[in-house]
1. Filter the range 285-333 down to the residues that are at pLDDT below 95, near ligand 1 (Cβ under 9 Å from one of its atoms) and among the acidic types (D, E) and list them by number.
2. With the structure loaded, tell me whether Q235 is over 21 Å from E191 (Cα atoms) and either at pLDDT 85 or above or crowded, with 17+ Cβ neighbours inside 10 Å (or both) or whether it fails that test.
3. Going through the range 97-108 one residue at a time, which ones are assigned to a helix (DSSP H, G or I) and in contact with an Asp or Glu (Cβ under 8 Å, 6 or more places away or on another chain)?
4. Looking at the range 334-342, is at least one residue farther than 14 Å from E271 by Cβ, hydroxyl-bearing (S, T, Y) and within 7 Å of ligand 1 (Cβ to nearest atom)?
5. So in the range 355-382, with the set limited to residues that are out of contact with any helix residue (DSSP H, G or I) (no Cβ under 9 Å at 6 or more places or on another chain) and within 26 Å of S285 (Cα to Cα), which one is farthest from ligand 1 (Cβ to nearest atom)?
6. Which pairs have Cβ atoms under 9 Å, sit 6 or more apart or on different chains, and link a residue in the range 98-109 that is surrounded by fewer than 19 Cβ atoms within 10 Å (Cβ to Cβ) to one that is in a helix (DSSP H, G or I)?
7. Could you please tell me which pairs satisfy a Cβ distance under 7 Å, a separation of 6+ or placement on different chains, a first residue in the range 116-132 that is in contact (Cβ under 8 Å) with a residue 40 or more places away in the chain, and a second residue that is of a type in the set (D, E)?
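The values are calculated or read from the model by the stated rules, or taken from the named source; none is laboratory data. Note that the structure is predicted; figures quoted are calculated from it, not measured. Note: ideal-geometry Cβ built from the backbone for every residue, glycine included; neighbour counts use all protein chains shown.
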Amino acid sequence: MRKDGTRFWAYCVTTAMRDKAGQMRGFAKVSLDITQRKQVEDELLESHAFIQQIITSAPQGIVVYDKNLRYRVWNPYMEWLTGLAEKDVLGHQPLEFFPFLREHGVDVVHHRALKGETLESEPIRYQLGPDREGWSSGVWSPLRDSHREIIGALGFVRDITEHVNAQERLQMLSRRLLTAQEQERRKLAIELHDEIGQVLTAVTLNLQSLHKDATPKGREQVEECVRIVQHAIQQVRDMSINLRPSLLDDLGLKPALRWYLDQQLQRAPFEIELKCELTKGQVPSDIETACFRIVQESITNILRHANAKKVLVMLELQQNTLSLEICDDGIGFDVAASRERAIQGLSCGILGMQERAEFLGGTLNVESATGGGTRLRVIFPLAVASPAISQFSGTRPEGNSDYRA
Ligand SMILES: Nc1ncnc2c1ncn2[C@@H]1O[C@H](COP(=O)(O)OP(=O)(O)OP(=O)(O)O)[C@@H](O)[C@H]1O
Ligand SMILES: [Mg+2]
């Protein structure tokens, strides 16, 4: 206690005072006011408890590794996600529990985080016991001390099952929509051709029989009617073929593309070259349809926007993939800006092509530069493998500690 009666934290050293004969003569006492130090200690404890609280209540997994890739933090969310308790995990390395991380490249991601990169690991499909399965993904970044030295890695892991399921539902819906659209087009094409086409043909025949008995003036009128009806027949035929070229179903992609491109050549101010060695049945029919529609939209875009002199359409079978490329030497465009416009709903051609490609597990890539032409490339996988399920077992498998940090 101070002289004024206030209390304070003190560090006290009391020493016994002895005379030459070793007899105790009294005590010497030194008191050090450590109120400030105590205050700092309390604040530290409080902030530690605060951080601990955040880690514990976070609605996502928080993981910390040290430089040797040993777990230092494993929060309750991670316990829920993996079924592994903090006490069993701390001090161990990830591949001891999750050997499958290696095949997903997550071990490489961890190492790159320890080298200073921030990056996301690919989604992993997991199974926890018989009743729970889902998807998880993580973001990893280096953990630095106050001198900016890397002392470990920090990971935020999330269960993305809901998100993946919603995405899958959306994809399935869009796929159904596209299939229904194709079926509807096919039906319409047949009806136009078989119903209206035949009615118009019957009208022509009737007009021709009227022609015989008509007056010279009447004949002229009948001839004019025949010309109009025949023009209508041609239009109906073109509409029917454009809706769904029967060539695509009957002979396959190459003849259908050949026919379509020849038709476009009649009105296109550019040359079109088709390089395609595919034969019927070499690729699944849904991929053929997607390729045909993508070429249709690309050629329409080139006609509308490119001002090109030469166009190349190329289809190539590679190992387990089909690659489709459409290149033009036109004015090009700003791909990022047009993507923005598409997201705002101002255009949908390229977005539609991308969706078609993605439904079938493919990817679409557009490269363009102002004045430098445009190259659109789609890759379709020909055999889609379903993702492997990784087992979050909740126990530590034996003999899997071969991880080299
Ligand atoms: N081959 C090309 N050459 C030059 N510009 C192109 C080419 N293809 C696309 N573009 C540009 O990209 C934009 C987006 O194309 P997209 O096909 O998505 O939409 P759109 O053709 O404008 O409209 P729609 O929704 O009817 O297809 C176009 O407006 C055009 O500016
Ligand atoms: Mg378009």
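1. Scanning the range 285-333 gives a single hit, E297.
2. Values: over 21 Å from E191 (Cα atoms): no; either at pLDDT 85 or above or crowded, with 17+ Cβ neighbours inside 10 Å (or both): yes.
Taking the combined requirement at face value, the residue does not satisfy it.
3. Across the range 97-108, the qualifying residues are L101, V106.
4. yes
5. Looking at the filtered set, the residue picked out is P381.
6. Correct list of pairs: F100/V106; R102/L95; R102/V108.
7. Hits for this filter: Y126/E133; Q127/E133.
For every residue, the table says whether it meets (1) β-branched (V, I, T); (2) surrounded by 12 or more Cβ atoms within 10 Å (Cβ to Cβ); (3) assigned by TED's automatic domain parsing to the domain that holds F100; (4) in a strand (DSSP E or B).
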site	(1), (2), (3), (4)
W135	no, yes, yes, yes
G138	no, yes, yes, yes
P142	no, yes, yes, yes
A153	no, yes, yes, yes
A166	no, no, no, no
R185	no, yes, no, no
V199	yes, yes, no, no
